[in-house]
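Each remark here refers to the structure printed beneath this line.
Where a number appears in this text, it was derived from the coordinates with a stated rule and is not lab data. Please read all numbers here as calculations on a predicted model, not as lab measurements.
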């Protein structure tokens, strides 16, 4: 695997870059408990204040679940809400984990994700099942999570804070994300980017460099 010219730090988004996610699985589970007239509410919920406030750590898991009940006008229990919310988390393919382990031998690796405490408990469990405790604890030099930082992509502020904590220069960082708007936010502060637009795109990128 060749070195990337001028790049010293690799930053990875989580969803659909490392961890496969599928929002339709959450929408389908939601719709199984909703009247047909409300089947469009799931997509709208993703851009709601309740969702964004959980992603930036402004509300607790309890407040989020209460917000879900209010938003959908349903008296669902906590376990069912978590099951719906976590349904979109599919799996981490082992070939991506193996790639990260190889990259770790040459670069500091960082994770930058818009996520929340409910989802990340599952993410942590899946990583722990696929890696030894030492591998998982050392895979990323630092994990940047929106709900811990109080910031979310694509705000320029979150990228500036990541670069500050890494301790390098923005142009020395290469950021992988599946959403163009997140890449644009990173580019505004000088970070170099790669669009992951296919399940095999990350593997192919490093095969080609």
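Among the listed options [x] 42, 41, 35; [y] 68, 35, 32; [z] 54, 33, 29, the one matching Cα extents along the principal axes in Å as calculated from these coordinates is [z].
Using only the Cα atoms, work out Rg/Rh for the range 23-86, with Rh taken as the Kirkwood radius, to two decimals.
A ratio of 0.93.
Return one number: the angle in degrees, 0 to 90 and rounded to the nearest 10, between the long axis of the Cα atoms of helix 117-130 and the longest principal axis of the Cα atoms of the chain. With rounding to tens, the tilt is 50 degrees. Extension gain for the segment residue 122 to residue 208, taken as residue separation times 0.36 nm less the Cα-Cα distance, is 27.8 nm to one decimal. D by Stokes-Einstein for the range 96-168, Kirkwood Rh over Cα pairs, 25 °C, 0.890 mPa s: 185 µm²/s. Dividing the helix sum by the residues of the chain, where each DSSP H run of 4 or more adds -39500 (n - 2.57), gives a mean residue ellipticity at 222 nm of -14000 deg cm²/dmol.
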